Each structure stands twice: as structure tokens, then as C-alpha cells.
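Laboratory data are not the source of any read-out in this text; all were calculated from the coordinates shown. Predicted model only: the values in this text are computed from it and were never measured. Note that we place each Cβ from the backbone using ideal geometry, even for glycine, and neighbour counts take in every protein chain shown.
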Amino acid sequence: MDGIIIRDNGICGGEPVFVGTRVTLRTILASLAEGATVGDILSDFPSLTEEHLWAAIRFAAASAEEDLPVQQVPTFFHENQA
């Protein structure tokens, strides 16, 4: 998981956390989704760095890529002619 995010059953019940912290990936993604800025998050969680936040975004993007089907892009479209 990027080497920055780990799962360990002995830490936060096995929920993904940032190495060396008890800050969960879920917490950071929720903060980002609610509109927190990088500065807000780093202020709230001083054990994190900007690289941790980028790792969270990469993790979310990779997860979305696995979970969401890729839409077929039509090669042409038909306009209604009135």
C-alpha cells in the first residue's frame, strides 16, 4: 500500500493507517471529502506530512479504479434529425 499506508491487526483493528501513526486512512479521506485543506489536515495531525496526503489520494484513486467499471466511449453518435 505505497509503503506509507499499512494494515496491522494490532493497530486500529487492522484498519489502514499511516506508518508510525494511529491516523487512519479513512479519517484523512473523510477530511478531504469534507473540504479540509492540506494545511488544516497537517495542523490537525502533526505526525503527517504532505506525502501522507498524496499517498491517501493515490490509494483512493487506485481503489476507485478497481471498483468502478470503465465506461465505453462511443465511437460515433447519431443526431436526431427533425
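Being within 12 Å of the chain's Cα centre (by Cα) and free of Cβ contacts under 8 Å to residues at least 24 places away in the same chain is the filter here; which residues of segment 18-51 pass it?
Of everything in segment 18-51, those that are within 12 Å of the chain's Cα centre (by Cα) and free of Cβ contacts under 8 Å to residues at least 24 places away in the same chain turn out to be THR24, ARG26, THR27, ALA30, SER31, ALA33.
Would you point out the residue of segment 52-70, among those that are touching a residue at least 12 places away in the same chain (Cβ under 8 Å) and hydrophobic (A, V, I, L, M, F, W, C), that is surrounded by the most Cβ atoms within 10 Å (Cβ to Cβ)?
ALA56
Among what's in segment 1-33 and is within 18 Å of SER47 (Cα to Cα) and among the polar types (S, T, N, Q), pick the residue that is surrounded by the fewest Cβ atoms within 10 Å (Cβ to Cβ).
Only one residue tops the list, namely THR21.
Quick one: count up the residues across segment 8-27 that are under 15 Å from ALA62 (Cβ atoms) and either part of a helix (DSSP H, G or I) or in contact with an Asp or Glu (Cβ under 8 Å, 6 or more places away or on another chain) (or both).
So the count comes out to 1.
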